[in-house]
Amino acid sequence: MATETAARSPIVRRQHMALPISELMQKPALTLRECAQVLNISVDLISKLIAQGGGPAVFMIGRVRYVRTETLKLWLRKVEAEALAQGEPVGVEE
């Protein structure tokens, strides 16, 4: 008795192709991975900031969390203003 073996297709993971930041900031919304890329921090750190209520506002489509690009810009301005108010250095000027 011959048994037929179904050909199994390997699981293909989608490769993440990082876009330049200038292109990312043209998108209406960013995934957390893209936010982390723009901010030059880890996805874990941005997730932790959001979970603690200190990060930008997010919304979900399915299981994916997004941040509106304008929301990210506003959040960055807020963080910068708070740092300036506390006398913390915000950037490096040469």
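What follows is calculated from the coordinates using simple rules that are stated; it is not laboratory data. Only a predicted model underlies this, so the values are computations on that prediction, with no experimental measurement involved. We place every Cβ from the backbone using ideal geometry, glycine too, and count neighbours over all the protein chains shown.
Here are some notes:
- Sequence-distant lysines (8 or more away, or on other chains) whose Cα lies within less than 23 Å of residue 48: 73, 78
- In units of the rule-of-thumb radius 2.2 N^0.38 Å, the stretch 21-85 shows an alpha carbon radius of gyration of 1.06.
- Sorted by Cβ neighbour density within 10 Å, fewest at the top, the residues 74, 24: 74, 24
- Where labels lie 7 Å past Cα in the beta-carbon direction, separation of residue 60 and residue 73 in nm: 2.8 nm
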